[in-house]
Each structure stands twice: as structure tokens, then as C-alpha cells.
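Undergrad: Take this structure, written in C-alpha cells, and hold onto it; I'll ask about it next.
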Amino acid sequence: MKYLLRNAVPPLDPFVETLWYWEGDMPGHAKDTIMASGHMGILINLKQDALYWYDGDRFARRNTLKGISLCGTQSTAFAIDAHQPHMMGVRFRAGGAFPFFAAPSREFRDTHVSLGDAWGADAERLHQRLVQAPTPEDKLAILETALLTLAPRSLARHPVVAMALTRMSRRRVNSVAALAAEAEMSHKKFIRIFTEEVGFTPKTFLRVARFRRVLEAIHLAPEVDWGDAVEQGGYFDQSHFIRDFRQFSGLTPTEYLIRRGPYLQHVPLAE
């Protein structure tokens, strides 16, 4: 197995969290469940010109994309093939994908699209260059340069979105209305601007971010006190916690503990 992470350099770093490269072995299961996320990403299959993802009852329905594709923000879980022999991609920061696509990020919510639908023939040319590049380092450098070259917008955030994301990351948020008031903007306009750039409404983004904090706290813990997880996560009660957990993971908390694997966002899916 080979797994490389590359932190983006200026001016990409406020928008791109990491670029990554993966060569994997055959795992002992067929599919992974992928958790809900407020981050968008580009996925690139270096082995063939196809990517697959699964939804529907028990993740039985297979959907096919081109080998270089975009995953939007996701408010529910989906599944992928566990065996991904040769992949690379981009993980954007929350709201960070906005400059790289002409369409607002809200249009990519709960979707997966072939990148050619957004970037046209440039996406196919980029895919071929990445496949043919001789080393992982070359591939990552090509992908980083392409992001700068193909971005249709200036690399800048709306100041209101930047402020809101900063407050949310520091957990200094009382309500969406309070954020709108701090921005000196109407509630409706604030929600529209935030959703266009981030892909989620502020309320949904906060819910998914809270769920991810719980995951981070319990992921590698040998024992989990669910009462403490509910309290520390800021949930009203246990039923509220379980409802969100099932929506964002496709699993009950107990099922998650049984199935969890080494990667935070990936959970081996039982056959």
C-alpha cells in the first residue's frame, strides 16, 4: 500500500486541504460506506476511465461516472468499492471548492458528477496527463497546477462566508440568526450566500460538523460512553443523537462501533 498526502501551497492552501495519492491492496470486504461530509472533493481513477458509487436500499444500486469526477457535499451516506487499486484526488476545505467551478456549490449537494460536465474537455486532458505522469510526485504537481489554471473564479471567499466558517470551526455559534446579525445581513441573504459557496445551508453544515466531531472523538477509542458523546456533541438527547448518526452514517452508533475501520470517513460495509 502507498498513501501520500500533499498540503496545498499558496495561493491554494486556503481552499484546498490536501491532495492525495493511493495505491491499495485487495481488502477483505467488497464495499465501504462513506460518511456525510461538508467537504467537496475530486476523485481520479488512474487505472480506468470509470468510477462507481452506490446508493439505494442497502447500497445495492451502482452508479457510473467518468474516471475523473467531483463529489459534492453529502448529507447522507453512500458506498464505494472497497478495492481502489490506483487513485488520487483533492479534498477541498469547507467552502473551498467554490472558486474552481462556475456553478455554485449548492448545485453539487448530494451529487457526484463527471468532472467533464464542469470543466469540459480540460477534464479529460487532465485525466490523461495524470495517468501518464511517471511518479506520484509528478501526478500531484500536475493536479495542483491544473487547479490554478482551470479555476474560473478568483481565489477569494466572500467575507461573510469566511467569518461564518471561522466562528463555526471555533464552535462560537449561538444560532444562524446570530451569524446573520454579525454580518449585518438579512437572515435569508446570509443563508443564500453561505449555501452558494459551501454547498450546505448553515444549519445543515453545523449538523454535519457536529457529527464529524463525534466521529473524531470515538473513532479510535477502545470504549465509548454514549452518554458523554451525546453531551459533548451538544445534542438535545440520545434520540436526537441517534437520528443524526443514522442519517449521516447509514448506521446506528452500535453498528458503527462493530464495523469501524482504520479510516475516519470509511466504514467496511457488511455483505
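The values are calculated or read from the model by the stated rules, or taken from the named source; none is laboratory data. Not measured: the values here are computed from a predicted model. When we count neighbours, we look across all protein chains shown, and the Cβ atoms used for this are built from the backbone with ideal geometry, even at glycine. These area figures cover heavy atoms from the full protein model, side chains too; ligands, DNA and RNA do not enter into them. Shrake-Rupley method; radii C 1.70, N 1.55, O 1.52, S 1.80 Å.
Undergrad: With the cut-off at 1.5 for a/c, could you classify the chain from its C-alpha gyration tensor as rounded, prolate or oblate?
TA: Oblate, since a/c reaches 1.5 and b/c is not below a/b.
Undergrad: With a ≥ b ≥ c taken as the square roots of the eigenvalues of the C-alpha gyration tensor of the range 79-164, please select rounded if a/c is under 1.5 and otherwise prolate if a/b is larger than b/c or oblate if it is not?
TA: It comes out prolate by the Cα gyration axes.
Undergrad: Leaving ligands, DNA and RNA out of it, report the carbon-plus-sulfur percent of the accessible area of the chain at a 1.4 Å probe.
TA: 51
Undergrad: Can you give the helix-only mean residue ellipticity at 222 nm for the chain, where every DSSP H stretch with n ≥ 4 adds -39500 (n - 2.57) and the sum goes over all residues, rounded to the nearest 500 deg cm²/dmol?
TA: Dividing the helical sum by the residues of the chain leaves -11500 deg cm²/dmol.
Undergrad: Need the C-alpha centroid separation for the range 137-203 versus the range 26-42, integer Å.
TA: One Cα centre to the other: 24 Å.
Undergrad: Where does each of 194-203, 258-267 land if you order them by average Cβ count within 10 Å, highest first?
TA: Descending packing order for the listed peptides: 194-203, 258-267.
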